[in-house]
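Student: Provided herewith is a single structure, encoded as structure tokens, for subsequent inquiry.
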Amino acid sequence: MARYSAFSILRNALSGQKNWQRAWRAAEPKPSYDVIVIGGGGHGLATAFYLAENHGIRNVAVLEKGYVGGGNVGRNTTVIRSNYLLDGNTQFYEFSMKLWEGMSRALNFNVMFSQRGQLVTAHSADQLDGFSHRANVMRLNGIDADILDREDVRRLVPYLDFSDTARFPIHGAIFQGRAGTARHDAVAWGYARAADGHAVDIIQNCEVTGFLRDRDSIVGVETTKGRIGAGKVGLAVAGHTSVLGVKAGLELPIESHVLQAFVTEPLKPLVDHVVAYGADHFYVSQSDKGGLVFGGNLDGYNSYAQRGNLGVVREVAEAAIALMPCISRVRLLRHWGGVMDMTPDASPIICPTPIDGLYLNGGWCYGGFKATPASGWCFAHTIATGKPHPLVAAYGLDRFRTGHTLDEAGAGPSAWLQ
Amino acid sequence: MLRIECPCCGPRDHDEFRYGGDASVTRPAHDDPDPEAWYRYVYIRTNPAGQHREFWQHVTGCRQWMVVERDTRNHAIASVDFARKSTVRKQRA
């Protein structure tokens, strides 16, 4: 694999851009692998990369039913932050943030990680107290966090509604300066290329239709490209976790729901940070092309359709205008949906399963993108050693049975309300 | 948008309804001491990609709870029925 560098750009420019190599091989399946990772999204590709990089397991295949980057890794709003309150989440997401900070160098691929800072507005004294609690937890864990008052927020983001008629006046905000965004496609491509550099086979258009068993153990998969044997199988299929889980015989605390995302026509630079609205569910950043990228709530009923309904478009637009009246005339360019595997506590699941040979990485709800590197790192560890990585010890499937849920929002066990 | 054919009020936009989740799970008896039964009731879902029986309440209409059978892949609604089939009034003895 040729390294990307300023020199390689120059050399290829001089030879008419005709000598670039494919970023990864178009692999066809071998009869068997040490590890098969199902799902060629960010988490699956990162898992394959870290299996090879950290654990020396190179006889690995990633099976993707569509194309790399066609699922949720290419459908999210690209926000990266580590401002979590609960033990287990706080440390895991900060570990992820540290991996993001070194990702472009580690993968030799520019993922355009931009630490532009993220703020969540507070709209009452009580809400700001809650944010102070969160900021203190973050600081005690060595994570940067600041509490801003109303005037600080006005200086930072003057385009929000600070008028006397604001529906929910802004009292302040919690701010994390190291938070930001990354180019989500580049993350998938970067991990695919780096995994391929470790001889991992990335097999696209290869849907897993069933599992091969030897007594109670899973020893491979049936796919649209035939049977493939495997020492271990890892599931990293996001919204379709239940579909494959049922085939494997897993009972899961997961419901699939659609989350929509939106982008407007390109504007001149306006939103320099990631801004989240504390009075409703709305968050926005501005892409390098100038489009405002934003999202809101789930559609609210079980769905495997990668499209949403117009009622939510209206709700999100209302929240947007309540926070940022200046964008009321901006036109929507596109909106799309992704299928989220929602858990009852909105926290993910990374663990060995009760079925021998099968490992689970799922339940990422609407927060999987920021976790991509740490998820891959810890899932690779879990597969390689057969035991959960210490950072994902709280993400076991058993926590629902034992009552150790991680309900960050305190929304209770209805997945569609998380 | 979904259009739900309310047995009381006729075809209505789903925005008038509140979603109530999977209707195929059954609540254990109130005094059931088995934590496993409660765990399964509260958390475990089949989450099918296909026909799904689910609760909706017509909150801005007749306020009745419905059981809707819907395909989660394309939102085609196969049936709508009252969750409580009929309220049989007990006759005074």
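Computed from the coordinates by the stated procedures, all read-outs in this text should not be read as laboratory data. Remember, predicted model here, so these are calculated numbers, not experimental data. Heads up, the Cβs are rebuilt from the backbone with ideal geometry, glycines too, and the neighbour counts pull from every protein chain shown.
Student: Taking the Cβ of A:Ala122 as the centre, find all other residues whose Cβ is under 10 Å away and add up their charges (Lys, Arg: +1; Asp, Glu: -1). Before the final figure, lay out each step's value.
Tutor: Details: positive: A:Arg150; negative: A:Asp126, A:Asp129, A:Asp149.
Combined, the nearby Lys, Arg, Asp and Glu give -2.
Student: Normalised by the residues of chain B, what does the relative contact order come to in percent, with Cα pairs under 8 Å and at least six apart?
Tutor: Averaging sequence separation for qualifying contacts and normalising by length gives 26 percent for chain B.
Student: Run the numbers for A:Ser414 and A:Ala6: contour at 0.36 nm per residue of separation, minus the present Cα-Cα distance, in nm.
Tutor: 141.8 nm
Student: Oh, and also: Rg to Rh for region A:1-155: what is it, with Cα atoms only and Rh by Kirkwood?
Tutor: 1.08
Student: Give me the extension gain from A:Ser163 to A:Arg215: residue separation times 0.36 nm, minus the current Cα-Cα distance, reported in nm with one decimal. Could you put the intermediate results ahead of the total?
Tutor: Details: separation 52, 0.36 × 52 = 18.72 nm, distance 6.78 nm.
Net length gain for the segment: 11.9 nm.
Student: Which residue, chosen from A:Ser8, A:Tyr50, A:Leu417, occupies the Cα position most advanced towards the positive end of the dipole of chain A, where the dipole is computed from +1 (Lys, Arg) and -1 (Asp, Glu) charges on Cβ about the Cα centre?
Tutor: Among A:Ser8, A:Tyr50, A:Leu417, the one farthest towards the positive end of the dipole of chain A is A:Ser8.
Student: If I take R0 = 30 Å and measure r between the Cβ atoms of B:Gln64 and B:His30 in this structure, what FRET efficiency does the formula 1/(1 + (r/R0)^6) give, to the nearest 0.05? Working shown, then result.
Tutor: Numbers: r = 24 Å, r/R0 = 0.79.
With R0 = 30 Å, the Cβ-Cβ based efficiency is 0.80.
Student: Per DSSP helix of 4 or more residues, -39500 (n - 2.57); summed, then divided by the residues of chain A. What does that give at 222 nm, rounded to the nearest 500?
Tutor: Details: 11 runs with 118 residues, N = 418.
For chain A, the value works out to -8500 deg cm²/dmol.
Student: Using the Kirkwood formula over every pair of different C-alpha atoms, what hydrodynamic radius in Å results for region A:172-216?
Tutor: Values: mean 1/r = 0.0671 Å⁻¹.
It is 14.9 Å.
Student: Here is a follow-up. So for B:Met66, A:Met1, fewest C-beta neighbours within 10 Å to most, what's the order? Write down the numbers at each step before the final one.
Tutor: Numbers: B:Met66 24, A:Met1 14.
In order of increasing Cβ crowding within 10 Å: A:Met1, B:Met66.
Student: Same structure again: Fewest first, what order do A:Lys289, A:Lys268 take by the number of other Cβ atoms within 10 Å?
Tutor: A:Lys268, A:Lys289
Student: Enter the per residue convex hull volume of region A:146-202, computed from alpha-carbon coordinates, in Å³ rounded to the nearest integer.
Tutor: So the per-residue hull volume is 131 Å³.
Student: Quick one: pull the percentage of alpha-carbon pairs in region A:205-329 with a separation above 16 Å.
Tutor: Above the 16 Å cut-off, region A:205-329 has 71 percent of its Cα pairs.
Student: Same structure again: If you find the alpha carbon centre of region B:1-52 and of region A:341-418, how far apart are they in angstrom?
Tutor: Cα centres, region B:1-52 to region A:341-418: 24 Å.
Student: Right, something else. Spelling out what I want: for every residue of region A:68-80, take phi, set θ = phi - 60°, compute 6.51 cos²θ - 1.76 cosθ + 1.60 (Karplus), and round to whole Hz; glycine and proline get x.
Tutor: 4, x, x, x, 5, 5, x, 10, 7, 9, 6, 7, 10
Student: While we're here: What are the aspartates and glutamates whose alpha-carbon lies under 12 Å from the alpha-carbon of A:Lys225, with same-chain residues fewer than 8 places away excluded?
Tutor: A:Glu28, A:Glu64, A:Glu207
Student: Still on this model: Where the only charges are on Cβ atoms (+1 Lys, Arg; -1 Asp, Glu), what is the dipole of region A:220-304 about its Cα centre, to the nearest 20 debye?
Tutor: Working: 6 positive and 8 negative charges, 100 e Å.
The dipole magnitude comes to about 480 debye.
Student: Distance between Cα centroids, region A:193-258 to region A:303-329: provide it in whole Å.
Tutor: 35 Å
Student: Hey, what did region A:211-272 get for relative contact order, percent, Cα under 8 Å, at least 6 apart?
Tutor: 18 percent.
Student: Averaged across orientations, what area in nm² does the convex hull of the alpha carbons in region A:316-403 project? Don't skip to the answer; put the middle values down first.
Tutor: On the way: hull surface 33.4 nm².
With every direction weighted equally, the projected area is 8.4 nm².
Student: Taking N as the number of residues in the protein assembly as shown, what is its alpha-carbon radius of gyration divided by 2.2 N^0.38 Å? Before the final figure, lay out each step's value.
Tutor: On the way: Rg = 23.9 Å, N = 511, 2.2 N^0.38 = 23.5 Å.
With N residues counted in the protein assembly as shown, Rg over 2.2 N^0.38 Å equals 1.02.
Student: Also, I was wondering about something else. Would you kindly derive the ³J(HN,Hα) couplings of region A:398-414 from the backbone phi angles with the Karplus curve 6.51 cos²θ - 1.76 cosθ + 1.60 (θ = phi - 60°), listing them in order in whole Hz, with x for Gly and Pro?
Tutor: These are the phi-based 3J(HN,Hα) values: 6, 5, 6, 6, 8, x, 9, 6, 10, 8, 4, 8, x, 8, x, x, 8 Hz.
Student: Related question: About its Cα centre, how strong a charge dipole does region A:94-203 have in debye, to the nearest 20, once Lys and Arg get +1 and Asp and Glu get -1 at the Cβ?
Tutor: 240 debye
Student: Per 5 Å bin from zero, what fraction in whole % of the C-alpha pairs of chain B is there, up to the bin with the longest pair?
Tutor: 3, 12, 20, 19, 16, 14, 9, 5, 2, 0, 0
Student: Under a point-charge model restricted to the Cβ atoms of Lys and Arg (+1) and Asp and Glu (-1), what is the dipole moment magnitude of the protein assembly as shown relative to its Cα centre, in debye to the nearest 20? List each step's numbers first, then the result.
Tutor: Values: 54 positive and 51 negative charges, 244 e Å.
With only Lys, Arg, Asp and Glu charged at Cβ, the dipole is about 1180 debye.
Student: Mind listing P(r) for region A:180-253? All alpha-carbon pairs, 10 Å bins, whole percents.
Tutor: 15, 40, 32, 11, 1
Student: Return a whole-number percent for the relative contact order of chain A, with Cα pairs under 8 Å and 6 or more residues apart as the contact set.
Tutor: 22 percent
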